[in-house]
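The values are calculated or read from the model by the stated rules, or taken from the named source; none is laboratory data. Not measured: the values here are computed from a predicted model. Cβ coordinates were reconstructed from backbone atoms using ideal geometry, including for glycine residues, and neighbour counts include every protein chain displayed.
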Ligand SMILES: C[S@@+](CC[C@H](N)C(=O)[O-])C[C@H]1O[C@@H](n2cnc3c(N)ncnc32)[C@H](O)[C@@H]1O
């Protein structure tokens with residue numbers, strides 16, 4: 001009897017989730033990039049369960065796959081969390097979904113990668129790689145039925161667009177989550193500097209390509225993250241989760257005490 005119960009228990013949980021939010025099934029089937037599904041699922045669970053509110057910012061959006069994935073994961077997870085049939089729902093607590101009006105900001109040159117001053121970049125990081133038209137990005141989002149009134153798109157090189165005027169234009173107040181996927185040290189550092197005034201303890205940062213540049217702590221996105229922390233002594237990144245060979249997730253701690261943790265030992 002115990003064995004049957006053990007086998008049926010996870011099955012019952014899955015069926016309950018599907019009854020609460022059936023779209024979870026098709027959204028999972030349709031998602032093709034498993035590492036991002038995995039990373040964004042963990043990020044969404046963390047955000048929702050800690051009620052970390054604010055905006056989503058993605059630096060390097062290309063054709064929109066990760067942007068759509070992140071949007072869907074946060075939608076799905078928050079709907080499930082605040083559903084009347086959920087544990088929270090049954091408790092009689094306020095079921096206002098704190099994420100249903102979350103805004104999603106996209107930043108990209110739509111010209112592909114910028115040039116790098118580092119002569120040791122991996123071969124795929126050549127200038128212009130990952131170029132996609134802004135119109136393609138926009139149409140992918142529309143096709144995926146994102147609520148475009150909650151989306152902003154800032155086109156241009158980060159060195160030119162990531163400034164106070166842009167923050168004001170998009171009415172940026174707080175960053176809940178940011179995905180940094182622009183591959184190179186300089187743009188990643190520009191992205192981090194841009195979000196500095198808007199991060200808080202609990203903001204989650206996701207870095208793609210953490211171990212490029214042969215894992216050198218001073219190069220690539222990892223180098224940018226290290227430099228950012230050196231320049232902002234009140235901030236450190238607490239490792240949260242890493243998946244596959246490339247994606248690393250961290251939780252920002254502002255004015256927290258760093259406890260013997262090497263951020264690079266993920
Ligand atoms: C690897 S792609 C992003 C992939 C996307 N996040 C996904 O998973 O579908 C990198 C993107 O960063 C953008 N990018 C790289 N360097 C940039 C810079 N200096 N300024 C603006 N955009 C940049 C490129 O145009 C490209 O779209």
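Being more than 11 Å from the ligand (Cβ to nearest atom), touching a strand residue (DSSP E or B) at 6+ places or on another chain (Cβ under 9 Å) and either more than 23 Å from residue 154 (Cβ to Cβ) or not in a loop (DSSP other than H, G, I, E, B) (or both) is the filter here, so list the residues in the range 174-193 that pass it.
Step one: filter the range 174-193 for residues more than 11 Å from the ligand (Cβ to nearest atom), giving 174-178, 192-193.
Add one more test, that the residue is touching a strand residue (DSSP E or B) at 6+ places or on another chain (Cβ under 9 Å), and what stays is 174-178, 192.
Selection gives 175, 176, 177, 178, 192.
Would you check if residue 121 is part of a loop (DSSP other than H, G, I, E, B) and either at pLDDT below 95 or outside the structural domain of residue 209 (by TED's automatic domain parsing) (or both)?
Numbers: part of a loop (DSSP other than H, G, I, E, B): yes; either at pLDDT below 95 or outside the structural domain of residue 209 (by TED's automatic domain parsing) (or both): yes.
Yes.
Out of (1) touching a strand residue (DSSP E or B) at 6+ places or on another chain (Cβ under 9 Å); (2) in a helix (DSSP H, G or I); (3) within 16 Å of the ligand (Cβ to nearest atom); (4) modelled with pLDDT of 90 or more, what's the single condition that is false for residue 47?
Result: residue 47 fails condition (3) only.
Restricting attention to the range 52-97, report how many residues are in a loop (DSSP other than H, G, I, E, B), within 16 Å of the ligand (Cβ to nearest atom) and either at pLDDT below 95 or touching a strand residue (DSSP E or B) at 6+ places or on another chain (Cβ under 9 Å) (or both). Let's see the steps before the verdict.
So in the range 52-97, the residues in a loop (DSSP other than H, G, I, E, B) come out as 52-54, 60-64, 82-86, 92-97.
Among the residues that remain, those that are also within 16 Å of the ligand (Cβ to nearest atom) are: 60-64.
Checking the rest, the ones that are also either at pLDDT below 95 or touching a strand residue (DSSP E or B) at 6+ places or on another chain (Cβ under 9 Å) (or both) come to 60-62, 64.
Residues flagged as in a loop (DSSP other than H, G, I, E, B), within 16 Å of the ligand (Cβ to nearest atom) and either at pLDDT below 95 or touching a strand residue (DSSP E or B) at 6+ places or on another chain (Cβ under 9 Å) (or both) within the range 52-97 amount to 4.
Determine which single condition residue 65 fails, assuming it passes every other condition in (1) surrounded by fewer than 20 Cβ atoms within 10 Å (Cβ to Cβ); (2) touching a helix residue (DSSP H, G or I) at 6+ places or on another chain (Cβ under 6 Å).
(2)
Residues in the range 158-173 that are outside any loop (DSSP other than H, G, I, E, B) and surrounded by 13 or more Cβ atoms within 10 Å (Cβ to Cβ): how many? Lay out the reasoning, then the answer.
Step one: of the range 158-173, the residues outside any loop (DSSP other than H, G, I, E, B) are 158-161, 164-169.
Narrowing further to those that are surrounded by 13 or more Cβ atoms within 10 Å (Cβ to Cβ): 158, 161, 166-167.
Result for the range 158-173: 4.
Collect the residues in the range 128-148 that are more than 9 Å from the ligand (Cβ to nearest atom), surrounded by 13 or more Cβ atoms within 10 Å (Cβ to Cβ) and part of a loop (DSSP other than H, G, I, E, B), keeping them in residue-number order.
Within the range 128-148, 144, 146, 147 meet the criteria.
Return only the number of the condition from (1) out of contact with any helix residue (DSSP H, G or I) (no Cβ under 9 Å at 6 or more places or on another chain); (2) at pLDDT below 90 that residue 263 does not satisfy.
Among (1) out of contact with any helix residue (DSSP H, G or I) (no Cβ under 9 Å at 6 or more places or on another chain); (2) at pLDDT below 90, residue 263 violates only (1).
Filter the range 203-215 for residues that are part of a loop (DSSP other than H, G, I, E, B) and closer than 15 Å to residue 57 by Cα; which is farthest from the ligand (Cβ to nearest atom)?
Initial filter on the range 203-215 (part of a loop (DSSP other than H, G, I, E, B)): 203, 208-212.
If we keep only those that are closer than 15 Å to residue 57 by Cα as well, we get 203, 208.
Numbers: 203: 19, 208: 7 Å.
Per the criteria, the residue is 203.
Given the criteria surrounded by fewer than 16 Cβ atoms within 10 Å (Cβ to Cβ), closer than 22 Å to residue 224 by Cβ and at pLDDT 95 or above, does residue 155 qualify? Spell out how you get there, then give the answer.
Details: surrounded by fewer than 16 Cβ atoms within 10 Å (Cβ to Cβ): yes; closer than 22 Å to residue 224 by Cβ: yes; at pLDDT 95 or above: yes.
Yes, satisfied.
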